[in-house]
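The values are calculated or read from the model by the stated rules, or taken from the named source; none is laboratory data. It should be emphasised that the depicted structure is a prediction, and the values quoted were computed from it without experimental measurement. Neighbour counts run over all protein chains shown; Cβ positions are idealised from the backbone, glycine included. Just so you know, the surface numbers come from the protein's heavy atoms only, side chains and all, with ligands and any DNA or RNA stripped out. Shrake-Rupley method; radii C 1.70, N 1.55, O 1.52, S 1.80 Å.
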Amino acid sequence: MLNKWLFRKPGNTLEAERADDRPAPRAPDKLFTACPSCKSAVLSTDLEKNMNCCPHCDRHFAWSARKRIQALFDEGSFVETDAELTSDNYINFPDYDRKLLDARRKSGEHEAVLCGTATIDGHKTAVFAMEGAFMMGSMGSVVGEKITRLFEKALHEGLPVIGFTVSGGARMQEGILSLMQMAKTSAAVKKHSDAGLLYICVLCDPTTGGVTASFAMQSDIALAEPRALICFAGPRVIEQTIRQKLPEGFQSAEFLMEKGFIDRIVSRADMREELRVLLMLHQKEGVHAGD
Amino acid sequence: MQAIDRVLAARSKDRATAAQYIPRLFDDFTELHGDRRYADDQAILAGIARLNGTPVTVVAIEKGEDTKSKVARNFGSAHPEGYRKAIRQFLLAEKFGRPVITLIDTAGAFCGLGAEERGQGQAIAESLMTLSALQTPVLAVLTGEGGSGGALALALADRVWMLENAVYSVISPEGCASILWKDASRTQEAAESLKLTASDLLDMRVIERVIAESNTLDATCETLKAAMVDEISALRALPLNELMSDRYARFRCMGGVLP
Ligand SMILES: [Zn+2]
């Protein structure tokens, strides 16, 4: 059964330095989680009740895709699509089979994105949420395929798309096929867009590489969670290139907003209401929820 | 030849750059500069030319030939303004009904402060969206290195070709070995595993054609030009709706998952 694993805290992270951002799964830390921002010890159950945000300083911790969808959309409204799609080791890349098995076990999901439809206050929308605990939310063929199918379904049914990105970028283990997913998803987003349909993307921590350079940056309205790392090249790659430390806050959601790449920064606590209002403002005149 | 040898050949300092290909493939190349937003990124060499008489838009990545021009061209690693310069040329091509030919040779989009600040990811994402719906034929030719998103940004095309010793990959073999295995000595194995040679990609149907390289650049360009002339005229003969749906289908079926 999937459920057994479903709410396990993610164990793998984008970079080692980010590891302490996440609730540690080890036994001594089980009850309490140390918040790296305000240093307070937070009861893990309180953290979970608070959408994985620190109750003292609102630091946003990693959040599973399934919990995110369950918390932000109408209860029981999520109808998952293409849940059964799983990756193969298409190019016989060393060790990929084992990594896929580990990722399934760790995340409780079949792949690094969940797709489907759901409602907010009765407004129906297509939705995808990426799962950072599955190989860092990296995009391989199945992630690309599921996102593409979702935009095609939304186009067919005249639905908006709301997406949550969490990704280390393209998945190396599928070689060029991962890169091609950037092209495939971009073409699907463009078709959906050209039909006059709304796409809202919420950039979460972290959104990087090939996902940033494709569907994460192609939305009509770009929201971001506070302090999320959003970049094309990761901080370490840049520091290696320029041989100096990056300024504090470089590539944070706040930085991107200052540079003009994000519309709004929205806390998890306000996200549902924000999305509800945006969906409502895009309703065609004379059409109401449930019609 | 092993995969790593192709990688080294593609990067060789003796390998021809776009500035050498362009006069051998096209006539009357007229360079057009700038993105109208921020700057003129010289890593992108773009303009209008004639291919066997037909006006075409040419967008190329230029690495530079000598030290001075290499620096000016940023060694062929474009900034966001380079991709925005390309997008401007794509849209002009569509407006005036010119086919687009891209020549790609880059280690990757530039990774630096300015590039991030000005939205490298957004620029590439926009180029991909633009090309996916561009109402005119697009032919992409990888002449050397096809470095990840920075190469793909100019390669969402109706036909994608590679020269025999070009490579095309999601990540460099060095990057792959150091990130995945924390072991730079496994670069050769990474090159092999990534399946990045022209013949690998032809097998995977990621590209349509491999252009054989002759002993001289002139001879290689003669082969390439003849193929381009035929292909562009075939693509122009297609009804526009067919061209567009074929382009969508070309990428739609990639990835080993049956719809
Ligand atoms: Zn805190």
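Can B:Arg236 be described as in contact (Cβ under 8 Å) with a residue 40 or more places away in the chain and open to solvent by 50 Å² or more (accessible area, probe 1.4 Å)?
In short, yes.
Inside the stretch A:211-228, can you point out the residues that are open to solvent by 10 Å² or more (accessible area, probe 1.4 Å), in contact (Cβ under 8 Å) with a residue 40 or more places away in the chain and not in a strand (DSSP E or B)?
If the condition is that a residue be open to solvent by 10 Å² or more (accessible area, probe 1.4 Å), in contact (Cβ under 8 Å) with a residue 40 or more places away in the chain and not in a strand (DSSP E or B), then A:Met217, A:Ser219, A:Pro226, A:Arg227 are the ones that fit.
I'd like to verify a number: residues in the stretch B:6-41 that are open to solvent by 60 Å² or more (accessible area, probe 1.4 Å), of a type outside the set (A, V, I, L, M, F, W, C) and without any contact (Cβ under 8 Å) to a residue 40 or more places away in the chain, how many?
Total satisfying the criteria: 7.
For a quick check of your reading: which helices (runs of 4 or more DSSP H) sit entirely within the stretch B:132-204 and have at least 3 residues that are open to solvent by 10 Å² or more (accessible area, probe 1.4 Å)?
Output list reads B:173-180, B:187-193, B:198-203.
Output yes when any residue across the stretch A:96-104 is surrounded by fewer than 17 Cβ atoms within 10 Å (Cβ to Cβ), farther than 27 Å from A:Glu48 by Cβ and without any contact (Cβ under 8 Å) to a residue 60 or more places away in the chain, and no when none is.
Checked the stretch A:96-104: at least one residue is surrounded by fewer than 17 Cβ atoms within 10 Å (Cβ to Cβ), farther than 27 Å from A:Glu48 by Cβ and without any contact (Cβ under 8 Å) to a residue 60 or more places away in the chain.
Quick test of your reading of the structure: A:Ile200 fulfils all but one of (1) within 11 Å of chain B (Cβ to nearest Cβ); (2) of a type outside the set (Phe, Trp, Tyr); (3) surrounded by fewer than 23 Cβ atoms within 10 Å (Cβ to Cβ); (4) in a strand (DSSP E or B). Name the failing condition by number.
With respect to (1) within 11 Å of chain B (Cβ to nearest Cβ); (2) of a type outside the set (Phe, Trp, Tyr); (3) surrounded by fewer than 23 Cβ atoms within 10 Å (Cβ to Cβ); (4) in a strand (DSSP E or B), A:Ile200 is out only on (1).
Note down all Cβ pairs under 7 Å where the first residue falls in the stretch A:39-65 and is farther than 21 Å from A:Leu203 by Cα, the second is more than 13 Å from the ligand (Cβ to nearest atom) and not in a helix (DSSP H, G or I), and they're at least six residues apart or on different chains.
A:Leu43/A:Leu31; A:Ser44/A:Lys30; A:Ser44/A:Leu31
Mind listing just one residue for me: the one in the stretch A:35-85 that is of a type in the set (Lys, Arg) and loosely packed, with under 14 Cβ neighbours inside 10 Å and, of those, nearest to the ligand (Cβ to nearest atom)?
Only one residue tops the list, namely A:Lys39.
Mind counting the residues in the stretch B:85-126 that are outside any loop (DSSP other than H, G, I, E, B), over 16 Å from B:Phe75 (Cα atoms), of a type in the set (D, E, K, R) and touching a strand residue (DSSP E or B) at 6+ places or on another chain (Cβ under 6 Å)?
1
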